[in-house]
Amino acid sequence: MAILTKEKIAIYGIEVLVVVFGILIAFQVEEWREDRQQSRDLDAALIRLAEETAANLKNCEKVIPVLADHAQSVLAVVRVLNDGHLSDADIELFDAGLIRVGYVTGAPYSETVAEEMIATGLLKNLGNAELRNRVAELAVWIEGARSWELDSRGSLRAAIAEVAKAVDFEYHGKLPVPENGDGPATGFEDGISVNYVLEELVANRTLKNVFIEAADTHLDMWRNHRHVCRKFEEIQSSLTKMNGH
């Protein structure tokens, strides 16, 4: 029978400590590697987030002016129907309003990087709480814009139907469509002309009421998109501050 002497116990104890110490070091090295990889992944995600945000802001530069122009032209129709008078200077804007009333621009924004950061858990590693909260809410903002787009299409159906009854449309040539089926189709009214009797439009109380509601819808669309675009600006500002530090 082997006898455990104090020397052997000491040797075994040292060997156990070496093994345990080696395991702990291995765990620490692995954790360090994972932290470094997560840091690299986060840095790469933030670079792509900056690129995606810049692309979204470029879309904002296209969408917001179009929405403002459409709201202005629909409001011009409301003013003329209320006043009962159409000046030569207002004819172009009035005609554009009759054409544009049913047009709803899409929400050509992307939240791919934000969704990826949330799904992979990278967002939790982002130390900037302000930016972290904004990225977490990004999908909600964009989904809200898309939901508003669908609601707006429904609310403008009455206006489209009434205009179709009261106005004759003539189409000339091939009409432009939004790129990839989304975003604003600028200049599409150039391929359309409208024929109407102003007195009949002014006397049409139903048409006047639906245009008042349509004007509210177009103004709300403009405000909603502007709100989302300001959120992109806030994200871009936060990213710039981080890079500055």
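General observations
- If you go through segment 67-80 and pick out every residue that is in contact with a helix residue (DSSP H, G or I) (Cβ under 7 Å, 6 or more places away or on another chain) and either basic (Lys, Arg) or open to solvent by less than 30 Å² (accessible area, probe 1.4 Å) (or both), you end up with 9.
- Tabulated pairs, segment 148-171, first in a helix (DSSP H, G or I), second loosely packed, with under 14 Cβ neighbours inside 10 Å and among the β-branched types (Val, Ile, Thr), C-beta under 6 angstrom, 6+ apart or interchain: Glu162/Thr206
- Residues in segment 117-129 include none that are in contact (Cβ under 8 Å) with a residue 24 or more places away in the chain and of a type in the set (D, E, K, R).
- Within segment 81-95, considering residues that are touching a residue at least 12 places away in the same chain (Cβ under 8 Å) and open to solvent by 10 Å² or more (accessible area, probe 1.4 Å), the one farthest from Tyr196 (Cα to Cα): Asn82
- From the list Ala119, Ala107, Ala89, the one residue that fits, being more than 22 Å from the chain's Cα centre (by Cα) and hydrophobic (A, V, I, L, M, F, W, C), is Ala89.
- Of all residues in segment 187-204, those that are part of a helix (DSSP H, G or I), open to solvent by less than 70 Å² (accessible area, probe 1.4 Å) and either among the basic types (Lys, Arg) or touching a residue at least 24 places away in the same chain (Cβ under 8 Å) (or both) total 5.
- Candidate set: segment 149-181, residues that are crowded, with 16+ Cβ neighbours inside 10 Å and of a type in the set (Asp, Glu); chosen: the one modelled with the lowest pLDDT: Glu149
- Verdict on Gly127 being within 22 Å of the chain's Cα centre (by Cα), surrounded by fewer than 19 Cβ atoms within 10 Å (Cβ to Cβ) and part of a loop (DSSP other than H, G, I, E, B): no
- Yes/no for Arg146 being out of contact with any Phe, Trp or Tyr (no Cβ under 9 Å at 6 or more places or on another chain) and open to solvent by 30 Å² or more (accessible area, probe 1.4 Å): no
- Flag if Thr112 is touching a residue at least 40 places away in the same chain (Cβ under 8 Å) and touching a Gly at 6+ places or on another chain (Cβ under 9 Å): no
- Answer from Leu207, Leu239 - the residue that is over 24 Å from Glu130 (Cβ atoms), open to solvent by less than 80 Å² (accessible area, probe 1.4 Å) and either of a type in the set (A, V, I, L, M, F, W, C) or modelled with pLDDT of 95 or more (or both): Leu207
The values are calculated or read from the model by the stated rules, or taken from the named source; none is laboratory data. As the structure is a prediction and not an experimental result, all values here were calculated from the model. Here the Cβ is made from the backbone with ideal geometry for all residues, glycine too, and neighbour counts use every protein chain on show. Surface accessibility is based on the protein's heavy atoms, side chains included, excluding ligands, DNA and RNA. Shrake-Rupley method; radii C 1.70, N 1.55, O 1.52, S 1.80 Å.
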